[in-house]
Every structure is written in structure tokens, then in C-alpha cells.
Amino acid sequence: AALAAKMGCIGSRPARGPKISRPSPAGGREIVMGATPAAFLKKLDPKDFMCLGRQGEVFVKKPGSVAGQQFVIADCVDCDIFVCDHCEMVTIDRCQRCRIFIGPCESSIFVRNCVDIKLVASCRQFRTRDCKQLDVLMHCVSQPSIETSSAVRFGCLQYFYFALPAQFEAAGMSVFNNRWSEVYNFTPAKGGYTLLEGEAASPTAFLKPLHKVADFSGAEEADAWRTQSAVPLSLGPAAAAHGSCVLVGAPSLGTDGALELVRRLQTAGLPLARSLEFVVNSEWRAKLSGALACVLGGGGLGAVPDGSRVIVLQVAGGEDSPAMAAEVLAIFNKAMGVVLACAAASTAASAEMATRLFVDVDSGH
């Protein structure tokens, strides 16, 4: 707030759902998120949250150096820019031929008057205006939107460094609420967009290896995105058009359990089409109850109290996807020693569950 007062209002804050809040995972490399908020706020300097007028440079902001503040990027040419921390709002203006990474942004990212940009980013709201040749690997809670922009291409964000999962937590964002492919074009007559896939949508096609430009990243992280991406790879709702299976996780499944389940499903030939995470309240309880009514015996998940977080997965695989998912799920639940997820028994049941759960809202779930 103090920084915002100094820098001025950049744009309106989008409507947003409840923040995700969970205990930090134990184990692994220690993650240092920076100074305590009080100490950090006392020494705020707007210049520390800007990347302006640079040419041919590598610019890196380390984990803990932004700590949820606004960030401004403008008038840069031929630069490699890494903002490896969670932010409040980010603007990118009048840049050319730059490669940019933005850590989890709990509000909006605006890209304006830019040409030939490769961007890897996560946010609640994404808007472009007057851009050309823009490639984006995106995690976006709401529908990304473009305006008077051409030659824009979108792919699903795939990225990893050790601090990134904790930064999603700090930004209050679920990695499972990702509508990257559901792009809204305000001005289709001015240009359109396409979707990236395969190696064209890999971070290696967008950015320099992080460990070669930042001392907080190790070489072991270079290809970790392939198996440990903080955001699960999803194909978009269209992938489920020819048959799918919807799976509902128990509150005890958690982020790590859901990511492991996604990996097992993908290995079995069931790619993730889309996913969802929500907090159970009166509205969501009615939707969840209707969805679980499509599963024999209610799925055996037991009580799902208000305030619990529930993760939903929809995997593509044609008419055989429910049977294939059931096999994976049986092994998964047995290995865990408890029923952590249930699945629809038919594509018709999955279609009904998807209609009830994947609601068309832009406010974040």
C-alpha cells in the first residue's frame, strides 16, 4: 500500500475469490522469502520495483526482493528479465524483443504497446493492448484477454525453482485454477491468437536457463519443470470434447497429492484437460453434492466440512477414460491407505459433473 501511494494507481484491481492458505510444506531446501514485512516496508524504494529503459541486459529480482509489491517494466529492448518473486500488480509497456519471467502475481498483469515478447507468468487477470508477436506461457485464474493485439500465442505455464511453490502460497493462488486457454478477444478484427503445444510451449523455448543468470538457482533445477512444474500441464476444456473423466479429491488430498495423481494419470495416457480448487461453502456444497451424486456411493470421500479445500481434475482420454482413471485411482488410493479421490464411472457422468463444477466465472474460485 505504501509503495502504491508513491507510484500511483496503475489499474483497477480485478474481482477475486478467496485466497489459498495452507501450511508451508516441510522438508526440502530452505526457502528464504526475505525480510519480515514490517522491516521490508520501512525501507521501500520505488526504484527497487522497476526495470526501466534497459538494453541488452540481464535483470534478476531474487526471491524475497519484491514481496508482494507492484512492479513496473518499461522501455526495455533485447533484455532477459526475471522477477522471481510474488507481486501485487505488474505492468509491461513499450518493450521490444525481451524475454520475461514474472512470479505469481496476486492481481493483474498488463502488457501494452510491446513487440516480439516472450513472457512466462502467473496472475489472476491478464490483459494485452496494442501488442504484436507476443508469446505467453500462462497460469491465469480468470480468462486472459487481448485487445487490438495480433500474432499472440498462449501456452500453459510450466516452470520450477525451489521457491516457486511457496510464492504461489504467498500470493494466495491455487495452481489448479488455470484458465490459460480460455482467451477472450475484445477486438477479433484487429488480430487473433493461437495456442502453443509441445516443445514450442516449453520454458526452454522462452527463457535462458535460470541457473545461468541467477545465483539462487542450481543446475539441478534446469529440467525440473518437466517432472516437478509448480503448475500442472493442462490442455484446456476442448481436450475433453471426445470423452473425459472427472475426479474429485478429498480435502486431505492436498496440493502435493493432487500433483502426484496428475502425474500418474498422465503416465497412464490421461492428460489433464482442466482443474479446479475451491473452498467449500454453502454455494459450493450444493454444486459438490450434485456432482458426487453422479458417483456410485458418493465416491466414499466421507464428510467434507465447510472451509475445506477441494481439488477437481478433468482428464481427457476418450470413451475409455473413466475405466482407465479407475485403474489408476485404485492403485493410488491403495498406496495411500485411504480414499483420497473418487472418479465418475462413465463419460456421461463426467459431463454432468463438469457442468456442475466448472462454472463460467472470472472472479477466481
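The values are calculated or read from the model by the stated rules, or taken from the named source; none is laboratory data. Remember, predicted model here, so these are calculated numbers, not experimental data. Every residue, glycine among them, receives a Cβ derived from its backbone with ideal geometry; neighbour counts consider all protein chains shown. The accessibility values were calculated without ligands, DNA or RNA, using every heavy atom of the protein model including side chains. Shrake-Rupley method; radii C 1.70, N 1.55, O 1.52, S 1.80 Å.
One table, with the values for the structure above:
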read-out: Spans of strands (runs of 3 or more DSSP E) in the stretch 1-106 with at least 3 residues at pLDDT below 50 and under 18 Å from Ile117 (Cβ atoms); value: none
read-out: Residues located in the stretch 206-222, provided they are open to solvent by 90 Å² or more (accessible area, probe 1.4 Å) and over 16 Å from Lys62 (Cα atoms); value: Glu220
read-out: Given (1) more than 21 Å from Gln125 (Cβ to Cβ); (2) open to solvent by less than 60 Å² (accessible area, probe 1.4 Å), index of the condition Glu199 fails; value: (2)
read-out: Pairs where the first residue, in the stretch 345-359, is surrounded by fewer than 16 Cβ atoms within 10 Å (Cβ to Cβ) and the second is assigned to a helix (DSSP H, G or I) and not small (Gly, Ala, Ser), C-beta under 7 Å, 6+ apart; value: Ser346/Pro322
read-out: Among the residues listed as Cys294, Cys342, the single one being surrounded by 20 or more Cβ atoms within 10 Å (Cβ to Cβ), in a loop (DSSP other than H, G, I, E, B) and among the hydrophobic types (A, V, I, L, M, F, W, C); value: Cys294
read-out: Boolean, Val246 is touching a helix residue (DSSP H, G or I) at 6+ places or on another chain (Cβ under 6 Å), modelled with pLDDT of 95 or more and either assigned to a strand (DSSP E or B) or closer than 15 Å to Leu233 by Cβ (or both); value: yes
read-out: Subset of the stretch 147-157 [open to solvent by less than 10 Å² (accessible area, probe 1.4 Å) and closer than 23 Å to Ser275 by Cα]; value: Phe154, Gly155, Cys156, Leu157
read-out: The one condition in (1) open to solvent by 60 Å² or more (accessible area, probe 1.4 Å); (2) part of a helix (DSSP H, G or I); (3) in contact with a strand residue (DSSP E or B) (Cβ under 7 Å, 6 or more places away or on another chain) that Leu233 fails to fulfil; value: (2)
read-out: Members of the stretch 261-283 found to be open to solvent by less than 20 Å² (accessible area, probe 1.4 Å) and hydrophobic (A, V, I, L, M, F, W, C), listed by number; value: Leu261, Val262, Leu265, Leu270, Leu272, Ala273, Leu276, Phe278, Val280
